1. Of all the residues that make up the stretch 52-94, how many are in a loop (DSSP other than H, G, I, E, B) and among the basic types (Lys, Arg)?
2. Working only within the stretch 109-150, note down all residues that are of a type in the set (A, V, I, L, M, F, W, C), touching a residue at least 40 places away in the same chain (Cβ under 8 Å) and closer than 21 Å to Tyr58 by Cα.
3. For the stretch 18-48, give me the residue count where each residue is β-branched (Val, Ile, Thr) and surrounded by 18 or more Cβ atoms within 10 Å (Cβ to Cβ).
4. Look at the stretch 77-97 and say how many of its residues are closer than 15 Å to Val67 by Cβ and among the hydrophobic types (A, V, I, L, M, F, W, C).
5. Evaluate the stretch 51-66: report whether one residue or more is under 19 Å from Ile20 (Cα atoms), polar (S, T, N, Q) and at pLDDT 95 or above.
6. Of the residues Ile105, Ile51, which is touching a strand residue (DSSP E or B) at 6+ places or on another chain (Cβ under 9 Å), among the hydrophobic types (A, V, I, L, M, F, W, C) and surrounded by 15 or more Cβ atoms within 10 Å (Cβ to Cβ)?
7. State all residues of the stretch 60-98 that are out of contact with any helix residue (DSSP H, G or I) (no Cβ under 8 Å at 6 or more places or on another chain) and aliphatic (A, V, I, L, M); if no residue qualifies, say none.
8. Any idea how many residues of the stretch 12-29 are closer than 18 Å to Lys96 by Cα and at pLDDT 95 or above?
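The values are calculated or read from the model by the stated rules, or taken from the named source; none is laboratory data. Worth saying up front: this structure is predicted, and the values here are computed from it rather than measured. Neighbour counts are summed over all protein chains in view; Cβ atoms, including those assigned to glycine, are modelled from backbone coordinates with ideal geometry.
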Amino acid sequence: MSPENKCEFCEIIKSNKGKIIFQDEKVVAMLSSRPCCQGHLLVMPKEHFAIIEQVPDYLMGHLSKIVNKISMAVFEVFQAKGTNILIQNGVVSGQKTNHFMVHIIPRKENDNLNFQWQPKQLNEEQMSTIEIKLKEESSGIGDFEKEEKKPVKVDNEIQKIDKEENYLIKQLNRIP
């Protein structure tokens with residue numbers, strides 16, 4: 001049985017039963033069924049991916065644009081003073097479901113949500129070691145996955161345009 005068959009969010013997307021506020025062919029945004037506050041939203045790919053590393057680059061870029069636009073809407077609708085854009089990637093990070101998603105959490109002063117942590121004190125040698133390892137592992141970044149272009153279905157039937165009903169043609173005819 002594939003992971004999609006066990007995923008509660010794939011079922012919600014297929015059934016269209018969630019409190020969906022936005023969707024296109026690739027992404028869906030819905031109200032969280034277990035919100036931490038009013039307006040807590042989830043934005044996720046319609047296709048099943050368990051963690052961010054499985055999401056193709058082109059889809060991650062599209063999803064990021066949608067998160068940005070929905071975050072702007074959250075500021076307007078809830079008069080939020082900020083938002084937390086949160087990805088819980090893997091069980092140890094707090095991920096509760098096996099479908100990758102981005103949480104958008106509206107924030108107001110004194111809302112009693114706490115995402116603060118105590119900074120760790122690392123010495124210079126530890127920081128240098130971490131820096132070298134990450135630079136080495138990140139050296140191949142830049143070759144991004146591209147979306148496969150699907151053939152466009154062309155309707156070979158030519159339709160006659162009635163000049164009286166076509167606004168653009170009327171406008172062009174008015175140009176001296």
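1. The qualifying residues number 1.
2. Phe144
3. Selection size over the stretch 18-48: 3.
4. Residues meeting the conditions: 4.
5. The answer is yes; a qualifying residue exists.
6. So the residue among Ile105, Ile51 that is touching a strand residue (DSSP E or B) at 6+ places or on another chain (Cβ under 9 Å), among the hydrophobic types (A, V, I, L, M, F, W, C) and surrounded by 15 or more Cβ atoms within 10 Å (Cβ to Cβ) is Ile105.
7. Correct list: Leu63, Ile66, Val67, Ile70, Met72, Ala73, Val74, Val77, Leu86, Val91, Val92.
8. Here the count works out to 1.
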